[in-house]
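The values are calculated or read from the model by the stated rules, or taken from the named source; none is laboratory data. As the structure is a computational prediction, the values presented were derived from the model and not from experiment. Cβ placement follows ideal geometry from the backbone for every residue including glycine, while neighbour counts extend to all protein chains displayed.
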Amino acid sequence: MLIHQCYLSCLSQASYVIADENAGEALIVDPRRDVEVYEAFMEAHGLRLVGVALTHFHADFLAGHLELRSRHGVPIYLGAHAEAEFEFKALAEGDEVAVGDVRISVLETPGHTPESVSYVVRESAEAPPHAVLTGDTLFIGDVGRPDLLASVGVTSGELAAMLHRSLHEKLMALPDEVLVYPAHGAGSLCGKNLSTDTVSTIGAQRSGNAALQAPDVSAFVAMVTAEQPPAPAYFLHDAVLNKQERPLLEEVRSRSAVSLGLDDVRQRAASGALLLDVRHEDEFHLGFMAGAINVGLNGRFAPWAGSVIEPGRQIVVIGHEGQLEEAVVRLGRIGYDSVVGVADWAALDASLSTQERDQTVRVPADAVVDHLSVSGATIVDVRAPGEHRAASYPGSRSAPLDRLAGLAEGWDRGAPLLVHCAGGYRSSCAVSLLRGMGFQAVADLEGGFHPGLVAVV
């Protein structure tokens, strides 16, 4: 028996190939949309795909079940309470899927979503449980948040109560030695306190997972519903798309990767397309096409793009050759299939007029005090609220990046601003957003937050 974890750091997302190597059969659980990674693994190990399963309808990425069905002609497995446009095999409590001699049985574990299931993996029909794939029900160090789908006829409190039962009556009933394989790790917004570890055991989670230590249901509900961060705008978009018969990624890549010249970019921008510059922030600030926003491929690109760009907005991707197709794929992972072309920055840079070119001002740490005294700028902190509360500059304005555009609507466009995050990635995006909104006197604090400056700012 083989359980292979494929971990995608950008989305903090884990998917799995479960295989019987002797039989040469495999099943994939919670795949991402660019499925070539699984095909390469199966080819290397002499495996044939026999099915694809989802633990639930994910909100933070677009799953690759339709891509695998199309390419391999395999069935899609979902929990019995799932509803979808595409044909699938419904799995109820105790149902099994055979992969050679390997047996995968279903635990219905609602709470994160109503249709959530977990998959218990045994080496054979007679073998004890070896591992459980918990989806977004149980993470390493945390549990799934119950509020993401609280608008589908059930409250977050009701879902939290379901989650408590799923955890304590189903998952914690498994033996301590059973391996726990979740769908996400640290950085995911599907939970609050996820570990950097990507595998654990039932016993370790029973004793060490704080969310499992709540003394009763009421305390648990209060714990898991409190202080959840706002869900990015793309979460609902993806949750809906994952239930639909939607275009395949290969179709999206084919129509999106159209090379555009400057006139084409101008035309699409004039028609309302957003210019998304995916270069590193250190390069972007030196020069970019006016109106472009910067979300660099060097960071958590897809979640931040999904946080600052509304779903369905037409997008022109700007970057270097080698970055452009990657950006299309990574946008496709979150269902942003509205890229209308890509443009090489070097070609644009050679032809941009002075009026079409923009750049941002960066203020080094050793010049901050002088900059503030001369400009009178307000410091804008685009980190998460918890980061701001932990340590911040006196008088700074908390405006988390994912909420910045809405908050800034009421600000004075002529007021000077000095923007910072933790390291410079988010602030580059923030400054580009503000400039696109008409804020001209806006600067970026180079290197992000500097704790040593708190006393002198």
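Only residues that are closer than 20 Å to Leu241 by Cβ and at pLDDT below 95 were counted in region 9-37, giving 3. Restricting attention to region 228-249, the residues that are assigned to a helix (DSSP H, G or I) and either under 15 Å from His58 (Cα atoms) or without any contact (Cβ under 8 Å) to a residue 24 or more places away in the chain (or both) total 8.
Scanning region 310-327 for residues that are surrounded by fewer than 21 Cβ atoms within 10 Å (Cβ to Cβ) and not polar (S, T, N, Q) yields Glu310, Pro311, Gly312, Arg313, His320, Glu321, Gly322, Glu325, Glu326. Per this entry, Ser207 is not counted among residues that are in the same structural domain as Gly141 (by TED's automatic domain parsing), of a type outside the set (A, V, I, L, M) and under 17 Å from Gly135 (Cβ atoms).
For region 32-57, the set of residues classified as farther than 18 Å from Val106 by Cα and either touching a residue at least 40 places away in the same chain (Cβ under 8 Å) or part of a loop (DSSP other than H, G, I, E, B) (or both) consists of Arg32, Arg33, Asp34, Val35, His45, Gly46, Leu47, listed by residue number. Within the option set Gly111, Gly94, Gly100, being at positive phi and touching a strand residue (DSSP E or B) at 6+ places or on another chain (Cβ under 6 Å) holds for one residue only, Gly100.
Determine if region 171-186 includes at least one residue that is within 25 Å of Glu93 (Cβ to Cβ), at pLDDT below 90, in the same structural domain as Gln228 (by TED's automatic domain parsing) and not small (Gly, Ala, Ser). No, region 171-186 has no match at all. Taking region 359-397 as the range and being within 16 Å of Ser428 (Cα to Cα) and crowded, with 17+ Cβ neighbours inside 10 Å as the test, the residues that pass are Thr360, Arg362, Val363, Ile379, Val380, Asp381, Val382, Arg383, Ala384.
Kindly check whether there is at least one residue in region 191-201 that is under 27 Å from Leu68 (Cβ atoms), in a loop (DSSP other than H, G, I, E, B), assigned by TED's automatic domain parsing to the domain that holds Arg145 and not β-branched (Val, Ile, Thr). Taking every residue of region 191-201 in turn, at least one turns out to be under 27 Å from Leu68 (Cβ atoms), in a loop (DSSP other than H, G, I, E, B), assigned by TED's automatic domain parsing to the domain that holds Arg145 and not β-branched (Val, Ile, Thr). Within the span defined as region 399-411, every residue fails to be over 26 Å from the mean Cα position of the chain (by Cα) and in a helix (DSSP H, G or I). Only one entry of Ser118, Ser166 meets the criterion of being crowded, with 18+ Cβ neighbours inside 10 Å and not in a strand (DSSP E or B), and that entry is Ser166. Scanning region 121-160 for residues that are buried (at least 22 other Cβ atoms within 10 Å of the Cβ) and either in a strand (DSSP E or B) or not assigned by TED's automatic domain parsing to the domain that holds Ala186 (or both) turns up Val121, Ala131, Val132, Leu133, Thr134, Gly135, Leu138, Val143.
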